[in-house]
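Data first, discussion second: the structure below is written as structure tokens.
The values are calculated or read from the model by the stated rules, or taken from the named source; none is laboratory data. Since this is a predicted model, take the numbers as computed values, not measurements. Cβ placement follows ideal geometry from the backbone for every residue including glycine, while neighbour counts extend to all protein chains displayed.
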């Protein structure tokens, strides 16, 4: 091996023969990203996938309350960064609760430690002192138009950054979020969990003018981790594949024991994969708004292919005489279908370090 090759060049060279390891676009300069997350089992998978993707230059990992309390998620993010061999990446603690609501957690899905009850050693790498929202603002402002966001949890940190710095939105070239749904929720019949936890934050982000890609339940429910994927991960022989294999096997057993199906949906890894290769999904432009007032529907993402957008009928006796109706333009590209086989080819190959035959 040429000892003058840097880490990225080595990965590109050594992975060239592995299908899904490094796609052709990886030959371009790596793209700057901040990953905002609430780890979470599928967040842990997503972080490992991002860490194994040389197309990304991960400028920071920021943690938000969601699946678990933010301090618990912080510990898990630090563990994944250390397992991935990237202690140089700053990891920062962010919002410990939603903007205006009490925090609703997802222990039922991720366990109280966020990793399905699996015990991973405490990381030696430490968080940075800078709060997550300030870190996001500083990094984006240092490289305006260059730093994209991948969000895997509630959008509280992003909303706080935008609210404190109204000019920030125009400096963010792209935000790929895991959240929302056009076809019903998973925490209520109406709402997907990430949007349900902080609908007000989602409303701010959806209306900020940032180019958005929504990877929601419409596609993530079609990307289900199965036994053959776990076996392929178990064939790997390094720290990343070992951690991924443990998470996969435990997740499959947990899903089957609780009657959720053959395995867990890969919600967050699919959002990372979509950022890496948008051709994995079918994207359609929509105007998407977030319900914040409904007692039964708070957090619902309501999508229009075309206007007008109509509000509810005014109360009887209201000074308003007509239903609110306004023309709108699409504000989000929504993933409506996915090539799940190609996604898992990428996911398993990168995390196992071996070409996968699935």
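Of all the helices (runs of 4 or more DSSP H) wholly in region 140-246, which have at least 2 residues that are within 17 Å of the chain's Cα centre (by Cα)? Reasoning before the result, please.
Details: elements: 156-164, 193-197, 199-206, 217-220, 227-234.
Output list reads 156-164, 193-197, 199-206, 217-220.
Considering only residues that are on the phi < 0 side of the Ramachandran plot and either touching a helix residue (DSSP H, G or I) at 6+ places or on another chain (Cβ under 8 Å) or buried (at least 24 other Cβ atoms within 10 Å of the Cβ) (or both), which ones fall in region 182-192?
182, 183, 185, 186, 187, 188, 191, 192
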Selection count where residues are touching a strand residue (DSSP E or B) at 6+ places or on another chain (Cβ under 9 Å) and closer than 16 Å to residue 46 by Cα, scope region 332-349: 2
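Within region 226-234, is there a residue that is at pLDDT 95 or above and at positive phi? Don't jump to the end; show me each part of the working.
Step one: of region 226-234, the residues at pLDDT 95 or above are 226-234.
Retained after the next criterion (residues that are at positive phi): none.
The answer is no, given that none of the residues of region 226-234 is at pLDDT 95 or above and at positive phi.
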Selection within region 254-283 - in contact with a strand residue (DSSP E or B) (Cβ under 7 Å, 6 or more places away or on another chain), closer than 27 Å to residue 329 by Cβ and surrounded by fewer than 16 Cβ atoms within 10 Å (Cβ to Cβ): 282
Matching entry among 118, 152 (being surrounded by fewer than 19 Cβ atoms within 10 Å (Cβ to Cβ), touching a helix residue (DSSP H, G or I) at 6+ places or on another chain (Cβ under 9 Å) and touching a residue at least 60 places away in the same chain (Cβ under 8 Å)): 118
Residue ID - surrounded by the fewest Cβ atoms within 10 Å (Cβ to Cβ), chosen from residues in region 204-224 that are farther than 30 Å from residue 169 by Cα and touching a helix residue (DSSP H, G or I) at 6+ places or on another chain (Cβ under 6 Å): 222
Residue 100 vs. criteria touching a residue at least 24 places away in the same chain (Cβ under 8 Å), within 20 Å of residue 201 (Cβ to Cβ) and surrounded by fewer than 21 Cβ atoms within 10 Å (Cβ to Cβ): yes
Any helices (runs of 4 or more DSSP H) falling wholly within region 1-95 and containing at least 3 residues that are modelled with pLDDT under 95 and farther than 13 Å from residue 152 by Cβ: 7-14
Pairs with Cβ under 7 Å, 6+ apart, first in region 212-235 and more than 15 Å from residue 272 (Cα to Cα), second assigned to a strand (DSSP E or B): 218/335; 218/336; 221/265; 222/338; 224/265
